[in-house]
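The structure appears below as structure tokens.
FYI, it's all coordinate maths here, none of it is from the lab. Please read all numbers here as calculations on a predicted model, not as lab measurements. Backbone-built Cβ (ideal geometry, glycine too); neighbour counts: all protein chains shown.
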Amino acid sequence: MSDQGRRKLGILVGVGIAAGTLPGITLGTETADALLSFVVAAAVLAVLTQLIFIGPSQRVPLPALLIFGPLGFAQDALIWWLLSWLGPKISTLHVTGLGTILLAALITRAMVLLVSQLSPAGKTAED
């Protein structure tokens, strides 16, 4: 899987876990509304993360993760904050509270970093 593919997979998993577990995130009452809200959240995160790329997209040593992790967390928190404002305007997505935003960003960034580390050791996108 490519670096971008792993990053997008991490975003999808992170948004799914955050939306499914955090009580401050509501996607909608109807299945179609919830699916649309999930797609909107994942698309906004994926597009903005691609435009403003922070973090490794392949296996890196622990010191690099300690640098890129907090920077990526800050980026994801800002994107979730944007979603808390944008969500109700374009779908039934509601994100309430700073704590929810920070936890959603933590979950999303953790999943992106975890999935980026899943490539076999010694392999890169060029192999």
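When the helix-only estimate is applied to the chain (DSSP H runs of n ≥ 4, each -39,500 (n - 2.57), divided by the residue count), what is the mean residue ellipticity at 222 nm, nearest 500 deg cm²/dmol?
Taken over the chain, the calculation gives -24000 deg cm²/dmol.
Per the Cauchy relation, a quarter of the hull surface: what is the mean projected area of the convex hull of the alpha carbons in the chain, in nm²?
The number I arrive at for the chain is 7.7 nm².
Treat each spin label as a single point 7 Å out from the Cα along the C-beta direction, and report the Ala64 to Asp3 distance in nm.
Here the answer is 0.9 nm between the modelled labels.
Treating the angle as unsigned and between 0 and 90°, give the value, to the nearest 10°, between the Cα long axis of helix 62-90 and the longest Cα principal axis of the chain.
20 degrees
Taking 0.36 nm per intervening residue step and subtracting the Cα-Cα distance, what contour gain separates Ile90 from Leu51 on full extension?
Result for the pair: 11.9 nm of gain on full extension.
Dipole magnitude of the chain about its Cα centre, charges +1 at Lys/Arg Cβ and -1 at Asp/Glu Cβ only, in debye to the nearest 20?
160 debye
Which of Leu65, Leu9, Leu22 sits closest to the plus end of the dipole of the chain, meaning its Cα is farthest towards the positive end, when Lys and Arg get +1 and Asp and Glu get -1 on the C-beta?
Positive-end residue among those listed: Leu65.
Each residue of segment 18-32 in turn: what ³J(HN,Hα) in whole Hz from Karplus with 6.51, -1.76, 1.60 and θ = phi - 60°, glycine and Pro shown as x?
4, 5, x, 10, 8, x, x, 10, 10, 9, x, 8, 8, 4, 5
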